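Enquirer: Before I ask anything, here is the structure I am working with.
The values are calculated or read from the model by the stated rules, or taken from the named source; none is laboratory data. Just so it is clear, the model here is predicted, and its values are computed rather than measured. All Cβ positions, glycine included, derive from the backbone under ideal geometry; neighbour counts span all protein chains shown. Calculation scope for accessible area: heavy atoms of the full protein, side chains included, ligands and nucleic acids excluded. Shrake-Rupley method; radii C 1.70, N 1.55, O 1.52, S 1.80 Å.
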Amino acid sequence: MRTCLKMLCVFVLSLSLLMCVRATRKEAVSEIDPGFCIHCHQGVTPGLFQSWVESKHAKNGVHCMTCHIDHQVASDQKSMIYPEKCGECHRKQLEEFRKSRHSIAFDRMRIQGEYLGIPQEIRSAFCERCHSIQQRCNSCHNSHRFSLKEARAPDACGSCHLGPDHPHKEMYETSLHGTIYKVTQNPERAPRCVTCHMPGGTHDTSFGIARGPAGTRPEVVDFRETPISKEEEQRRREEMLGVCTKCHSRRFAQEQLENADRVKEAGFELMERAKAPIQEIEREGLLYPSLAERLPHPTEGRSLVLADPQLYVGTSYVERLFFSMFKFHSIRVWKSGYHFSPSYTHGYGWTEMQLDLIDIKEEANRLKEIFKDMKK
Amino acid sequence: MRTCLKMLCVFVLSLSLLMCVRATRKEAVSEIDPGFCIHCHQGVTPGLFQSWVESKHAKNGVHCMTCHIDHQVASDQKSMIYPEKCGECHRKQLEEFRKSRHSIAFDRMRIQGEYLGIPQEIRSAFCERCHSIQQRCNSCHNSHRFSLKEARAPDACGSCHLGPDHPHKEMYETSLHGTIYKVTQNPERAPRCVTCHMPGGTHDTSFGIARGPAGTRPEVVDFRETPISKEEEQRRREEMLGVCTKCHSRRFAQEQLENADRVKEAGFELMERAKAPIQEIEREGLLYPSLAERLPHPTEGRSLVLADPQLYVGTSYVERLFFSMFKFHSIRVWKSGYHFSPSYTHGYGWTEMQLDLIDIKEEANRLKEIFKDMKK
Amino acid sequence: MRTCLKMLCVFVLSLSLLMCVRATRKEAVSEIDPGFCIHCHQGVTPGLFQSWVESKHAKNGVHCMTCHIDHQVASDQKSMIYPEKCGECHRKQLEEFRKSRHSIAFDRMRIQGEYLGIPQEIRSAFCERCHSIQQRCNSCHNSHRFSLKEARAPDACGSCHLGPDHPHKEMYETSLHGTIYKVTQNPERAPRCVTCHMPGGTHDTSFGIARGPAGTRPEVVDFRETPISKEEEQRRREEMLGVCTKCHSRRFAQEQLENADRVKEAGFELMERAKAPIQEIEREGLLYPSLAERLPHPTEGRSLVLADPQLYVGTSYVERLFFSMFKFHSIRVWKSGYHFSPSYTHGYGWTEMQLDLIDIKEEANRLKEIFKDMKK
């Protein structure tokens, strides 16, 4: 009986330690051992284990088996934990997440021509690495530490939102917002990505965005690319202004966003001017390879696709020039209009679009003047 | 009488608090309320207000109306504060600033062909965002915190001095100077931009620069682009060496700067080699569109402009190739010569210039061989 | 006698101070003065001196003359300290260093065609700045602080391993590894360069690398570019897996590395598809300038060189297109396969290679269709 009592005391004491102690020291690890997994994994994956030890999960009794169920399930699922599992505790976040484009990212990827046209190893190394956000909260909440500091850092968003076709990270970092945040690391001093796109912690990242999201079309659409009404557009602009006016006057903020609207229009107008000569070339049968000579577009067939969902494989040279213009340069112009990055709007964007326009006109002229003559 | 005395005590106590307390806690705000503005702005622009609360200005009794005069003036001026206003207290800095190119940045922008040729929305989103430094100290001293830490950070300079046509930030960050500073954050360990360009806190940023500043011409000029004497050139080099020798031997520093001089010459020499074939093409009437067929250059008329102030809109393809060479690549070669960035000198610079030269020669050859024949 | 005793006490006390005191305050400097050099250099190169004062060297009695011998030797050697000197104390590190490609970096540079074909000022500003790692430990262990924090930072490696032709730094920074490290600055949370390439502090940086190192050839070679056996290749993969499995399951890590192997193969296969049309063009005598008309390749003579050691000066346009493809784009595909950077694998790599392929086919077609006709 006394032994039982003693053991109970030890058990209660251990439990208290498990709940209370901020277990950051490695020596403290054994005291918070929550299950069978640890005996092995402390040795075979020490980094993973240490991350969990330092997590809020560990402090709140959320351990390996809470999420991974058991060794067999973990193995079968390749250790994947789906958002539904996280949502058992984090319901509000899951519901918000489901309203965002993040929640359909993998599905949309799989029907895109770009994805369909590349080998599986490139899909794994590129597309799926980011689009899997649909299936895993740990795209942002890095395993197994699940640190809010990590998830809220601009670099967390920037691990996917970067690169030639959507340099959100680079545009932010080259804006005054990004510059001041980088120096101060103080989110009260300058906004991070989450300040404007996830205010109040909402996981509906379509908050306040009324001009996208696809990025390669001028229409205003929702996260499923359905056009939205003028009223809805205005409602979203107001949402965003509500964030801006924490630091800026409403007049200033409105002026800036409306200027960005005009930058977007100017960019799309420039792109339209580049389409006409290419369409003419195609009508005159001067594309090489012609639409008939090449593999059909996976979703658009044998039509001339300029801008989204245009592909970059096996097209003619003049189409490829347009691809760079729309996919890389036009997006920099208008997206950095809203992200206030002068170098991306102009240097990496507008200037490049103007150079593209020269290249396209030159190529169209050449095809008309030379190849046409030769065909005679 | 005793009430008066009591009130005086309270007033003196409040004043002491206003002057002495490091008012970083938000609760302390009402104690340092300096004027009428705060009653609204604490609520409508809380971020802006909080930045001011944490500023040295707040601690020294410089409040909203010290700079903005009153609500009407603030509204009329769109809250702009001109350097002359700041100079009422910061006279030395204003006088030094007036000797620098920063102080004529907006005026020079407005007479440049590049500026004249783009829509107002792009001007607002790009050119004016940086060139407005002529009119506002808060380009570097970010409102309303006016933190020296922020102003002295390489990223403060880098919020304008970056991008394809003047990647000073990128060159610094990829130099050993920038690398060591990034890791240590210690300006005694490695120089920041201000270490070499604003030593001792001078706001004359032309300090020590004897090879520019325009960047696209080989001549040695002052900040108004007037050529300077050999003696003045030597005086400036000595200024810069005075900074280098804090960490390096004079022999080493001199060797490095003289090597950069030679790198600059090699870059300009390569650019000259690319001009000849284009000038020949133009003389032979093979440019498309020809100088006669296109809009005249806003400042140079219908002449062939190669290098500064060459434009990138509506020119021929061969001129556009040269534009990339001079505007983006040549500047990386020589400016990173002085900023000691191997990858920008060579990879992003010299290599690209050599590739440009191949492209230009090929295009010139093509125009001569093919189009000439066709004209016959 | 008593005076002697007193002086001895003072001497012992001073020595204790020299050995024990963490001499970071500038006032403490004179107490640890170790030699004659300081009387001048404290004044003429204060930054350099202060760095040494804060170093472990200073605390352990390693002073100017321990490494620089005397003023004459220092002057004759331009203050260079060769690895052999450092190895007198740091023997293990020197021996490991000698097994790495770092130890032959300068020798290999000097026989490369690229180096032979550029002016000395560019060599000094670019090639030699990094390749001199063969001759100096302070490429990573920055003088005169020799801080481990600085040497182990990803930016230390990244001061050379960056740029268009080997963007290791950029690939790491855009991977999830680099992102988490940047936010946490915690090497237990995410790997730095040294975690995988110098585990346990080994200075043999060829650890675990079985797929290079040259980077522009598909063969698996050692650091002297001698092909290695399948067994050796497998041994190195196991070395690397030993690092990965600290945080990841073996299955996951193996899958990731094997996917990278396939990404590499896909990249090289794409490059091969671009070679064929160029070789055909050359056989038909359509290269301009032809191999006979140009300077011979410094090491390969008058043969058509596609991929390593291809040069970028004075070649034909179609070869120059291939140069960009192999030198810049193919390397991004496969190297970021192993560094897990989606944007470099695809956006900056695979996409660019596909665009290159269009450009090359177009140019080859043009040369065949047009110039051939003209030659008739």
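Enquirer: Roughly what percent of Cα-Cα pairs across the stretch B:28-124 reach past 19 Å?
Expert: Values: 2698 of 4656 pairs.
Value for the stretch B:28-124 (Cα pairs over 19 Å): 58 percent.
Enquirer: Given H placed 1.01 Å from N in the peptide plane, which residues other than close sequence neighbours of B:VAL221 have an amide H under 5 Å from its amide H?
Expert: B:GLY212, B:ILE228
Enquirer: Enter the buried accessible area of the B/A pair, total of both sides, probe 1.4 Å, in Å² rounded to the nearest 100.
Expert: Values: alone 22080 and 22080 Å², together 40060 Å².
Chains B and A together bury approximately 4100 Å².
Enquirer: Using θ = phi - 60° and the Karplus curve 6.51 cos²θ - 1.76 cosθ + 1.60, what whole-Hz ³J(HN,Hα) does each residue of the stretch B:112-127 get, with Gly and Pro shown as x?
Expert: Per residue, the Karplus-derived 3J(HN,Hα) values read 7, x, 4, 5, 5, x, 10, x, 4, 5, 6, 3, 5, 7, 10, 3 Hz.
Enquirer: Along the Cα→Cβ direction, 7 angstrom out, place labels at C:HIS90 and C:ASN60. What is the inter-label distance in nm?
Expert: Reported label-point gap for C:HIS90 and C:ASN60 is 1.0 nm.
Enquirer: Leaving ligands, DNA and RNA out of it, report the carbon-plus-sulfur percent of the accessible area of the protein assembly as shown at a 1.4 Å probe.
Expert: Numbers: 31140 of 54020 Å².
Carbon and sulfur together cover 58 percent of it.
Enquirer: In nm, to one decimal, how far is the A:SER290 label point from the C:ASP261 one, both placed 7 Å along Cα→Cβ?
Expert: Once both label points are built, they end up 4.6 nm from each other.
Enquirer: Taking amide hydrogens as modeled 1.01 Å from N in the peptide plane, which residues meet the under 5 Å criterion relative to C:HIS297, leaving out close sequence neighbours?
Expert: For C:HIS297, the qualifying residues are C:ARG302, C:SER303.
Enquirer: Calculated from DSSP H runs of 4 or more alone, at -39500 (n - 2.57) each and per residue, what is the 222 nm mean residue ellipticity of the protein assembly as shown, nearest 500? Present the calculation step by step, with values, prior to reporting the outcome.
Expert: Details: 69 runs with 597 residues, N = 1128.
Value at 222 nm, helices only: -14500 deg cm²/dmol.
Enquirer: Averaged per residue, what accessible surface does the stretch A:198-305 expose to a 1.4 Å probe, in Å²? Walk me through the numbers before you get to the answer.
Expert: Values: 5500 Å² over 108 residues.
Accessible area per residue: 51 Å².
Enquirer: Taking the Cα centre of the protein assembly as shown as the origin and placing charges on Cβ (Lys, Arg +1; Asp, Glu -1), which of B:ALA74, B:GLY347, B:HIS63 is farthest toward the positive end of the dipole?
Expert: Working it through, the farthest residue towards the positive pole turns out to be B:HIS63.
Enquirer: Each residue of the stretch A:60-72 in turn: what ³J(HN,Hα) in whole Hz from Karplus with 6.51, -1.76, 1.60 and θ = phi - 60°, glycine and Pro shown as x?
Expert: 9, x, 8, 10, 2, 6, 4, 9, 8, 6, 8, 4, 5
Enquirer: Measure of size requested: the Rg and Dmax of chain A, with Cα atoms as the atom set and Å as the unit; please supply both.
Expert: 26.2, 107
Enquirer: Taking a ≥ b ≥ c as the square roots of the eigenvalues of the Cα gyration tensor of the stretch B:283-376, is the shape rounded (a/c under 1.5), prolate (a/b larger than b/c) or oblate? Numbers along the way, then the final one.
Expert: On the way: a/c = 4.01, a/b = 1.64, b/c = 2.45.
Cα axes put the stretch B:283-376 in the oblate bin.
Enquirer: By what distance, in whole Å, do the Cα atoms of the stretch C:178-257 stretch along each of the three principal axes, largest value first?
Expert: 39, 26, 23
Enquirer: Per residue of the stretch A:135-143, what does 6.51 cos²θ - 1.76 cosθ + 1.60 with θ = phi - 60° give for ³J(HN,Hα)? Whole Hz please, x for Gly and Pro, Karplus curve as stated.
Expert: Once θ is set to phi - 60°, the couplings for the stretch A:135-143 become 10, 7, 5, 7, 4, 9, 8, 4, 5 Hz.
Enquirer: Here's another thing I want to ask about it. If I histogram all Cα-Cα distances within the stretch C:209-292 using bins 5 Å wide from 0, what percent of pairs lands in each bin?
Expert: 3, 12, 16, 17, 14, 12, 9, 6, 5, 4, 2, 0
Enquirer: Which of rounded, prolate, oblate describes the stretch B:150-305, given a ≥ b ≥ c as roots of the alpha-carbon gyration tensor eigenvalues and a/c under 1.5 marking rounded, otherwise prolate only if a/b is larger than b/c?
Expert: On the way: a/c = 2.34, a/b = 1.96, b/c = 1.19.
Verdict is prolate for the stretch B:150-305.
Enquirer: Roughly how many Å² of C:TYR181 are accessible to a 1.4 Å probe, to the nearest 10?
Expert: 20 Å²
Enquirer: Suppose a student asked you for the relative contact order of chain A, using Cα pairs under 8 Å spaced at least 6 residues apart; what percent would you report? Spell out each step's value before the answer.
Expert: Numbers: 421 pairs, mean separation 51.7, N = 376.
Result for chain A is 14 percent.
Enquirer: Going by the alpha-carbon gyration tensor, a ≥ b ≥ c the square roots of its eigenvalues, is the protein assembly as shown rounded (a/c under 1.5) or, if a/c is not under 1.5, prolate (a/b greater than b/c) versus oblate? Before the final figure, lay out each step's value.
Expert: Working: a/c = 1.22, a/b = 1.22, b/c = 1.00.
Note, shape of the protein assembly as shown comes out rounded.
Enquirer: Let me spell out the model: positive unit charges on the Cβ of Lys and Arg, negative unit charges on the Cβ of Asp and Glu, origin at the Cα centre of the stretch A:161-201. What dipole size does that give, in debye rounded to 20? Don't jump to the answer; show the numbers that get you there.
Expert: Numbers: 4 positive and 4 negative charges, 29 e Å.
Dipole about the Cα centre, nearest 20: 140 debye.
Enquirer: Which listed residue (A:ALA190, A:PRO227, A:ILE209) has the Cα farthest towards the positive end of the charge dipole for the stretch A:146-244, taking +1 on Lys and Arg C-beta and -1 on Asp and Glu C-beta about the Cα centre?
Expert: About the Cα centre, the residue reaching furthest to the positive side is A:ALA190.
Enquirer: With +1 assigned to the C-beta of every Lys and Arg and -1 to the C-beta of every Asp and Glu, and no other charges, what is the dipole magnitude of the stretch A:262-324 about the Cα centre in debye, to the nearest 20? Spell out each step's value before the answer.
Expert: Numbers: 8 positive and 10 negative charges, 24 e Å.
So the magnitude is around 120 debye.
Enquirer: Further, regarding this structure: Could you work out which residue, out of B:PRO342, B:PRO46, B:PRO191, moves most in a Gaussian network model of chain B, that is, has the largest mean-square fluctuation with Cα springs under 10 Å?
Expert: In the Gaussian network model the winner is B:PRO46.
Enquirer: Relative to the Cα centre, what is the charge dipole magnitude of the protein assembly as shown, using +1 at the beta carbon of each Lys and Arg, -1 at the beta carbon of each Asp and Glu, and rounding to the nearest 20 debye?
Expert: 3120 debye
Enquirer: Of C:PRO199, C:SER336, C:SER103, which is farthest along the charge dipole of chain C in the positive direction, counting Lys and Arg as +1 and Asp and Glu as -1 at C-beta?
Expert: Projecting each Cα onto the dipole axis, the largest value belongs to C:PRO199.
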